[in-house]
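Shown next, in structure tokens, is the structure this report addresses.
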């Protein structure tokens, strides 16, 4: 799982295996160890009224997704989900969860578990 944070936007990208695990088990998590301190980020399915919601507590960022939305996500063509969460009266947090596609350019990272890039078949 990859995370990208810029300003008030949080974006998670999930591999095929991670999407499958989320659909079946309802939870996935990654840990970044800073030597004595860890940052955890996770996605969980929940019965929530909004499409997505995010919480941050004790060095742990959890993005919850409506459990009904992930039904068959591992086998359908839906790329991802996007929602703007109201943080307070004047602030919002833009949330995205997406399937991770193989990059079109050369990458050093292993992309074997990523989804095929739909642009790769366009001539």
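If both residues of a DSSP beta bridge must be in the range 2-106, then about 65% of such bridges are antiparallel.
Placing a label point 7 Å from the Cα of residue 2 along the Cα-to-Cβ direction, the residues of the range 12-44 whose backbone N falls under 18 Å of that point are 12-20, 29-32, 41-43. Counting only Cα atoms, the range 2-106 measures 36, 35, 30 Å along its principal axes, largest extent leading. Residues 67, 88, arranged from fewest to most other Cβ atoms within 10 angstrom of their Cβ, appear as 88, 67. Going from the fewest other Cβ atoms within 10 Å to the most, the residues 40, 4 appear in the order 4, 40.
When 14, 96 are sorted by how many other C-beta atoms sit within 10 angstrom of their C-beta, beginning with the fewest, the order is 96, 14. The mean sequence distance of close C-alpha pairs (under 8 Å, at least 6 residues apart), as a share of the length of the range 2-106, puts its relative contact order at 29 percent. In this calculation the C-beta distance from residue 17 to residue 84 is compared with R0 = 25 Å, giving a FRET efficiency of 0.30.
Values quoted throughout were computed directly from the atomic coordinates according to the rules given, and no laboratory measurement underlies them. Every value quoted in this text rests on a predicted model; they were computed, and no experiment measured them. Methodologically, a virtual Cβ is constructed for each residue, glycine included, from the backbone with ideal geometry; neighbour enumeration extends over all protein chains shown.
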